[in-house]
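Below: the structure, in structure tokens.
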Amino acid sequence: MAPVTEPYRVRIESKVYPPVANREAHLVLRDIDFAIEHRSFVVMTGPSGCGKSTLLNIIAGLDREFKGRVDLGTGEPTIGYIFQSPRLLPWRTVQENIELVLPPGDARAERIPELLARVGLTSYASAYPERLSLGMQRRVALARGFVLEPDILLMDEPFVSLDDPTARDLRQLLIDLWHRRPTTVLFVTHDRNEATMLGTRILRLSGGSATLVQDEAVRLSPEDRSDPEKVRAEQRRIFNDA
């Protein structure tokens, strides 16, 4: 793990998609500036298509075509990325899919049995993805994200398209994993309830050419987060929901 003393800093002056065919250039992000404290759980929300995933890709270093700067400190932090799709290779077992993110012989692979136990998939270590439900595949993706022991874990709507009980279980599992192995999380969702239940802080983007319109601390204790009424009350405070 890279030593971290200063917050990570993201400054995006602009991100423009170039013109394609008959479509004009599109300004996706503009005037975005925020810091992320080490080991905080920051949730980024906003309308669908407003540029949340684009911003994650910029922070991950997957998209370098922008004006601005992403400062992740003087070292080279380990970045984990959990996408909307679990992205499991169908010809590899659960164990092998998790091992994929590690160099051969990496000692972190010794943690895989423990992580599989945490996500309730010990008996599926040798199973192939076709045997798993979508919820189970997302559990594998969580284990794969945490086995890296990342300094920063980026999560792009990892629980989208799940039924409510499964999504609720996976949110609680994520919180449990994060408490056991704290890391800096930047989590994207358009679900306001999910944002409130998970985040220690919420960054809210506008629609259109997105900019940062709200930066709010979440006033919930760990115990409060398991109380739906308290979560809804805090959601109303943050988002001015009726």
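The values are calculated or read from the model by the stated rules, or taken from the named source; none is laboratory data. Owing to the predicted nature of the structure, the values given are computational and were not obtained by experimental measurement. Glycine gets a Cβ as well: all are built from the backbone with ideal geometry, and neighbour counts include every protein chain shown.
Here are the numbers for the structure shown:
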quantity	calculated
Scope the stretch 65-89; condition modelled with pLDDT of 95 or more and among the aromatic types (F, W, Y); matching residues	F66, Y81
Residue among F239, F187 that is within 24 Å of V140 (Cβ to Cβ) and either surrounded by 14 or more Cβ atoms within 10 Å (Cβ to Cβ) or over 19 Å from the mean Cα position of the chain (by Cα) (or both)	F187
Residue match in the stretch 196-210 (condition: at pLDDT 95 or above and closer than 14 Å to I82 by Cβ)	yes
Those residues of the stretch 1-17 which are at pLDDT 90 or above and either of a type outside the set (K, R) or out of contact with any Lys or Arg (no Cβ under 9 Å at 6 or more places or on another chain) (or both), in sequence order	P7, Y8, V10, I12, E13, S14, V16, Y17
Any chance I32 is buried (at least 18 other Cβ atoms within 10 Å of the Cβ), touching a residue at least 12 places away in the same chain (Cβ under 8 Å), assigned to a helix (DSSP H, G or I) and not charged (D, E, K, R)	no
Members of the stretch 144-169 that are closer than 16 Å to S85 by Cα, over 13 Å from the mean Cα position of the chain (by Cα) and hydrophobic (A, V, I, L, M, F, W, C)	L162, A167
One residue from L173, L162, L186 being part of a strand (DSSP E or B) and touching a helix residue (DSSP H, G or I) at 6+ places or on another chain (Cβ under 8 Å)	L186
Odd one out for D215, checked against (1) surrounded by 15 or more Cβ atoms within 10 Å (Cβ to Cβ); (2) in contact (Cβ under 8 Å) with a residue 12 or more places away in the chain	(1)
